[in-house]
1. What percentage of the solvent-accessible surface of the chain, computed with a 1.4 Å probe over protein heavy atoms, is contributed by carbon and sulfur atoms?
2. Quick check: from the Cα gyration tensor, does the stretch 229-313 come out rounded (a/c under 1.5), prolate or oblate?
3. On the Cα set of the stretch 316-467, report Rg and Dmax in Å, please.
4. Pairs of Cα atoms under 8 Å, at least six residues apart: use those to get the relative contact order of the stretch 446-599, whole percent.
5. In whole angstrom, note down how far apart the Cα centers of the stretch 576-604 and the stretch 377-406 are.
6. Given axes a ≥ b ≥ c from the Cα gyration tensor, I'd like to know whether the stretch 180-297 is rounded (a/c under 1.5), prolate (a/b larger than b/c) or oblate.
7. Project the alpha carbons of the stretch 524-668 onto their principal axes and report the range along each, largest first, in whole Å.
8. Quick check for you: with a 1.4 Å probe and neighbouring chains kept, what is the accessible area per residue of the stretch 204-349, in Å²?
Amino acid sequence: MSSSPSSRQSFEYLIKDASDNALEKILEQLFQSEIYLLSPFLHYKNVQALRTRGQNKYYNTLELFSLYDYQRYSKSKNNYITLNNTMIEKLKILSIVEYSKDHKVMTYDNLKEYLCITDENELNQLLFKSFTLGIIKGRVNMKLTWKKSAAFVLAGMMALAVAGCGGGEKKADKAAAKDNFKFGMTNFADTLEPTQTTVSWMVMRLGLGEGLCKFGSDLKVQPWLAESWKIGDDKLSWTIKINDKAVFSNGKKIDAAAVKACLERTFAKSPRAKTFFEVAEYKCDGQNLTIKTKVPCPSLPGMLCDPLFLVYDAASEKDRDFMKEGPICSGPYKVKTYTKAKAMMERNEKYWDGEVPFKTVEALTIDDPNARAMALQKGELDAIINVGAGDMALFNDAKKYTISEIASMRTVLAQINQNKGLPMADPKVRAAFIQCLNRETYNKVLLKDRFIPGKAPVPPSLDFGFDQITDPNKYNVENAKKLLAEAGWKDTNGDGFVDKDGKNLEINFLIYPGRAELPLYAEATQADAKAVGIKVNIQSLDYNAFEPKRSTGEYGLMISNILTANTGDPEIFLDWYWKTNKNGSQPLNASGYSNAEFDKLSDQAKVEFDPAKRRDIFIKMQQILVNDSAAVFFGYPKTNMVSRANIVNANIYPADYYWITKDINVKK
């Protein structure tokens, strides 16, 4: 559990207006954080004022960390605040960076003297951490030679600097070899079994799997493995014609029987499948597959765009471990080796839909967005996904980089656990909580205007009535305090937090790494909630530990960056997260939210074929959620893919299922 900020933008937000006592605490957290470029914080007016208010030790310590000078600290410790072990380690790491700028050769003896270290093991750990954290930019081009006195040599180091401070880098040829493409990404998939949770997303994103249909850049459904489709007069039967050229990477033809076998396996193994639609029967006739649904399904082609329904050779399972090797699919690349940390793919020599540009593709999992950005800067990668708002300026040079960026179909939202007996079960408490959050500042300042402030479930990039929806929970701190008091929450013991029946109003806020905006929103929420007396505890979990808690309800708040129109419109999204969970019918809604009118509208949408009427229904459903303070809608991101300038067609799409595609190539 954590209650301290973790990103530069969060510290900027908190430090800027902090009072003296609060500023001291925030600076102490900054000195212990994994932020290594501290000099910009020296220029804040309230920080500079510390020197004239008898708090110059805090200013001196910030200056010390900005100069990377452990020797200065060791010679005059009384001039600085007392540093704990974490702070001392950080200062020593920074001092190694400073020392390495001026010394091509660094010996153990020199460094031990410079850092006042007698234990070689301590020095080894500091050096190892310096490199594993990526604090030192540049490359080690010769083997490290460890000796007792002249212990090691770092030869040919380039552009040594503190990570994140920018600066020029020498041209690197480590990526973008003509036959190899290197990609930096986030990844939650420990396996490639496509029916497990949302693993199919990674199978499709890696260029391995393809679906019957796909979304174009205009979000319209387009043919992919399917050539065409039509619905019968009964409004239940869809006949899908499969492209006669389509084959799996093992050379097996993709016909109706193969698709039927794949869908049957998916429905048998994935509980998620039936939340889209349920099949009454299949009929196969060569390349024509007829799917008859149990109830009318107006958006079936869009549902078949979801990666869960990608097509794989189900029969190959008897000779192949899908968990470790992945399924046999039809995409431009096929699996060579796979771990969550690194996926190695090779060209599918039997690809049915044109030439495949690269012989091999390496997809590296780098969950930290700053580390992804640095790897691209250093020339270690050809392209990366989702550069954080604070790092986008690093890639503005069009001679070096190409930025593909669009307004996404995503919403960053936090589900609110409002099950009976919890504080958030009270609608006044939920409303107060949302009203105390300055979402406009979060998006315009913390996220540098690259996110649109949140209001409703579906972003304004989609035509589902954003401007028609009214927000009863706009930022209003005083009204938030009033609502809490009306609900019986008051600070009776003077500890700064409101309480009721002897218990503080305390909420556990779950986040996961990989998306730079999530800790920013969480930390800003923590600060604003504290101002009205609500205690927020932030807990960061690996995604594979995080996601199951959505179905168990083990959270107070649970933040995610969610695709809102994964089938072409918001029907599935709205149902998954807010339709009443009856006997496990909506496992993603363990929040306890339930509204009979919302459920009734959902049932209407499921059988309504008229797009205009569907749109009206979705607008009404959204307004109900906003009126009920059902969730916190933080903001709507742009999404991006950034590539080196010699790479073409590395584009991001509104439905971000398509990362590595057959179109990405080296500029001719």
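1. On the way: 13560 of 28150 Å².
About 48 percent, which is the carbon plus sulfur part of the accessible surface.
2. Values: a/c = 1.92, a/b = 1.28, b/c = 1.51.
Judged from the Cα gyration tensor, the stretch 229-313 comes out oblate (a/c at least 1.5, b/c at or above a/b).
3. 21.7, 61
4. Numbers: 178 pairs, mean separation 25.7, N = 154.
Taking the mean separation of contacting Cα pairs over the length of the stretch 446-599, I get 17 percent.
5. Computed from Cα coordinates, the inter-centre distance equals 40 Å.
6. Values: a/c = 1.71, a/b = 1.44, b/c = 1.18.
Verdict is prolate for the stretch 180-297.
7. 58, 46, 28
8. Details: 6110 Å² over 146 residues.
Solvent-accessible surface per residue comes out at 42 Å².
The values are calculated or read from the model by the stated rules, or taken from the named source; none is laboratory data. This structure is a prediction, so every number in the text was calculated from the model and none was measured. Every residue, glycine among them, receives a Cβ derived from its backbone with ideal geometry; neighbour counts consider all protein chains shown. For the accessible areas, the whole protein counts, side chains as well, though only heavy atoms, and no ligand, DNA or RNA atoms are used. Shrake-Rupley method; radii C 1.70, N 1.55, O 1.52, S 1.80 Å.
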